[in-house]
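To start, the structure under review is shown below, and the notes come after it.
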Amino acid sequence: MVKLTFLGHSAFMLESPKGIILIDPFISGNPQATCKADDLNPQWILVTHGHGDHLGDAISIAKRSDALLIAPFELASYVQKSGVNAHPMHIGGGHAFPFGKVKLTPALHGSAVEDEHGMVYTGQPCGFLVELEGKWIYHAGDTALFGDMELIGKRYNLDVALLPIGDNFTMGPDDAAYAVKLLKPKVVIPMHYNTWELIAQDPLKFAEKIDPKITRTVILKSGESYTIDQ
């Protein structure tokens, strides 16, 4: 059994018998967050790219909990300078971890950290394919629609796809609905919307665009969970 909890924006917590994984843990400063960063004690943290609303609290959580941070090479190198234990990967690469397998997918976006030195480039952004207890979860990261989502859908029997729908910085509802047609997941959960007015969307209208005979749409409020047990 895998329990998936939405933490607001694009942040998720995955719980399995092997442990706890955080993805893009933007908690502090996240108007959707219903928990505090100090409440989270993962063994692993996955970060899709360096923007503040995705890297978020990853460094402080990793240092406090001694979690392993998994990210594209340049971003992993950046966080290692802060004393974080990091595992670098890159697009197309996969690796087996104690909890299961991770594979990095393309994401059409940018990646940089704004710190005291200004804008620090942190390589290519990514999405994550995560295998837990025989279940496949796809966190698309911040991305535009791209044709190779069809290839992802053909090669992986996706139990859940986590897709941005906010528009402006990522796919909007129309493109995300088309992505669902390419990916063919059993369940789609929208993310990266309504955090700020600029990315305001109605998830119910997004759900209307999805064929329920193929994919079930699950809309989670921050703090709510979905269990993958079939």
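The values are calculated or read from the model by the stated rules, or taken from the named source; none is laboratory data. A quick note: this is a predicted structure, and the numbers were derived from the prediction, not measured. Positions of Cβ are backbone-derived with ideal geometry, glycine not excepted, and every protein chain shown enters the neighbour counts.
Quick one: is residue 144 at pLDDT 95 or above and either farther than 20 Å from residue 189 by Cα or of a type in the set (Phe, Trp, Tyr) (or both)?
no
Hey, any hits in the range 163-171 for a residue that's in contact (Cβ under 8 Å) with a residue 12 or more places away in the chain and part of a strand (DSSP E or B)?
Yes, some residue in the range 163-171 is in contact (Cβ under 8 Å) with a residue 12 or more places away in the chain and part of a strand (DSSP E or B).
Is there any pair with a first residue in the range 128-156 that is at positive phi and a second that is of a type in the set (S, T, N, Q) and modelled with pLDDT of 95 or more whose Cβ atoms are under 9 Å apart and which are 6 or more apart or on different chains, and what are they?
Listed by first residue and then by second, the contacts come to 133/16; 141/10; 141/48; 141/105; 141/170.
Can you name every residue in the range 61-82 that is outside any helix (DSSP H, G or I), surrounded by fewer than 23 Cβ atoms within 10 Å (Cβ to Cβ) and modelled with pLDDT of 95 or more?
Of everything in the range 61-82, those that are outside any helix (DSSP H, G or I), surrounded by fewer than 23 Cβ atoms within 10 Å (Cβ to Cβ) and modelled with pLDDT of 95 or more turn out to be 66, 68.
Assess whether residue 120 counts as being in contact with a Lys or Arg (Cβ under 7 Å, 6 or more places away or on another chain) and either more than 24 Å from residue 220 (Cα to Cα) or outside any helix (DSSP H, G or I) (or both). Before the answer, list the steps.
Working: in contact with a Lys or Arg (Cβ under 7 Å, 6 or more places away or on another chain): no; either more than 24 Å from residue 220 (Cα to Cα) or outside any helix (DSSP H, G or I) (or both): yes.
No, not satisfied.
Each row is one residue, and each column tells you yes or no for (1) within 23 Å of residue 3 (Cα to Cα); (2) buried (at least 19 other Cβ atoms within 10 Å of the Cβ).
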site	(1), (2)
177	no, yes
180	yes, yes
183	yes, yes
188	yes, yes
211	no, no
216	yes, no
225	yes, no
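Out of the residues in the range 174-202 that are in contact with a His (Cβ under 7 Å, 6 or more places away or on another chain) and in a loop (DSSP other than H, G, I, E, B), state the one that is farthest from residue 48 (Cα to Cα).
That would be 195.
Just the residues that are surrounded by fewer than 24 Cβ atoms within 10 Å (Cβ to Cβ), closer than 18 Å to residue 163 by Cβ and either in contact with a Pro (Cβ under 7 Å, 6 or more places away or on another chain) or acidic (Asp, Glu) (or both), please, taken from the range 14-60.
53
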